1. So how do A:168, B:92 line up by other beta-carbon neighbours within 10 Å, fewest first?
2. Note the distances from residue B:125 to each other copy's matching label point, with points 7 Å along the Cα-to-beta-carbon direction, in nm, sorted shortest first.
3. Along Cα-to-Cβ, 7 Å out, sits the label point; list in nm, shortest first, how far the one on residue A:180 is from those in the other copies.
4. Using a Förster distance of 30 Å, how high is the FRET efficiency between residue B:86 and residue A:196, based on the Cβ-Cβ distance and rounded to 0.05?
5. Considering amide H positions built from the backbone, and no H for Pro or chain starts, which residues 5 or more places from residue B:87, or on another chain, come under 5 Å of its amide H?
6. Within 10 Å of each Cβ in peptide B:91-97, how many partner chain Cβ atoms are there on average? Round it to a whole number, please.
7. For a footprinting-style exposure proxy, rank B:189, A:44 by other Cβ within 10 Å, fewest first.
8. Going by C-beta contacts inside 10 Å, put A:48, B:201, A:199 in order with the fewest on the left.
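Nothing in this text is a laboratory measurement; each read-out follows from the coordinates by a stated rule. Model, not experiment: these values are computed from the prediction. Using ideal geometry, Cβ is built from the backbone for each residue, glycine included, and neighbour counts are taken over all protein chains shown.
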There are 2 protein chains.
Amino acid sequence: MAATDSENQAKVPPRSTPERILDAAEDLFAEKGYSATSLGDVADRVGIRSPSLYNHFKNKEALYEAVLERLLAVFSAPLGELDRGSVTQERVFFWLETIVRQHHANPNLARLLQHAALSGGPHTNELIDRLFSPMFQPGANRIEGAENTLIENTGLQPWAVMAFNNLVMSYVTMAPMYRDLLGQDPFSDAALDNQLNLIRILLRAVFEYKGDAPLDQGA
Amino acid sequence: MAATDSENQAKVPPRSTPERILDAAEDLFAEKGYSATSLGDVADRVGIRSPSLYNHFKNKEALYEAVLERLLAVFSAPLGELDRGSVTQERVFFWLETIVRQHHANPNLARLLQHAALSGGPHTNELIDRLFSPMFQPGANRIEGAENTLIENTGLQPWAVMAFNNLVMSYVTMAPMYRDLLGQDPFSDAALDNQLNLIRILLRAVFEYKGDAPLDQGA
DNA sequence: GGAGCCAATGTGAATAATCGCGCCTCCTGA
DNA sequence: TCAGGAGGCGCGATTATTCACATTGGCTCC
């Protein structure tokens, strides 16, 4: 039903100026980080002069906030979706798959978050809270369907959550480095399948690990 | 004998000015990235004025190169160490453990690399080659001790290499975000143990995965 | 052991470019 | 007609970089 684009009606023919500014700013903030992004670059990409930006956003920080807000709105939906109901291996995987696909479709949130983790910047703490708190909520990620010793016995559960999250996000932020090494466009459909397959394998390990037979040293 | 410093310690060589510049620049480049780091910040941290930097380094880019070179010298040794001999699960784990410990001891390489992956910067391609090529060398990472179907059948081997590498590096670059959520200093010894335990579990999954019983959809 | 010298290393001042940002004017379309 | 949105202009701060200059420490030669 989104097929009303180029032909007949008034909706969405050209994006509005604020939207085009947000688009450009999102890409640039994600690539260079907050402080290294200049408003001149943003304006150039939109096709206007930098003072004109101030007709739409109070200042650089407000523009950054708006970019964050728009990204968070897209990603917040699936993040809280695992809270309700029993957490089975299948549900976790489909939850991860959703997030992976979302990051593939728009890699900018992961990139922005990585910049924030490295260098700080405005609203970093708020950003962390809104993205990560849902995942570490007491009750979230509580495995009920299986007697998983990983969670209860070794106390590694939050570490596993962190690891899988890092896996998904660092794929986006680091993949360009592997383009040559993998011999594949990291954002192609085939690459996405490969990444999902590997995640499935690793997820099985976490779910089925019973704590027996450590590699070669006492736990 | 040569103890003319403060006490009678044998070794307290006061770091030379170039070394102190490199120390400061490494921290700042790792935190803010190349372009967002100002030479004034570097000079301030050393305790000199920024023009004095030019007595020791040709320009900002040369300083950055020197920082990279010094870091690569530390990390290049274990990277090529897996090339020779059979690749067993134990050897891979100890190899990973070495790298993890090195990143914990000096997180700056991972941070610098992450900045380069996101924003580019001088010598990024060279940096990628020198760090990642050894891992993807034909012959490297060739599992001989076990009949691992992951490698040969599913073609996921380079993806697994990439995933574990991302796991190690993104721990360093993202861990600060999890400090509150994990309730632990991510760079403490206890945290390091937890990370190593999880890596061990995931590594077993990759080694022992035989390709049977995909989660719930045909391979 | 001075006198002279040079290279190394620091400094402040100056330059040109770029930055975020405010002011003010002009154009356009409803 | 009129207001919103774009551009021109410019201020003040910061950037990398250069230069002229002061100070040092060690070297040689008498």
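1. On the way: A:168 21, B:92 18.
Placing the least packed residue first, the sequence is B:92, A:168.
2. 4.3
3. The answer, with the shortest distance listed first, is 4.1 nm.
4. Numbers: r = 30 Å, r/R0 = 1.02.
Computed FRET efficiency for residue B:86 and residue A:196: 0.50.
5. Hits under the 5 Å cutoff: B:144, B:145.
6. Details: counts 0, 0, 3, 2, 0, 0, 0.
For this peptide, the per-residue mean of nearby foreign Cβ atoms is 1.
7. On the way: B:189 9, A:44 14.
Least to most surrounded, the residues fall as B:189, A:44.
8. Values: A:48 17, B:201 23, A:199 20.
Listing A:48, B:201, A:199 from fewest to most nearby Cβ atoms yields A:48, A:199, B:201.
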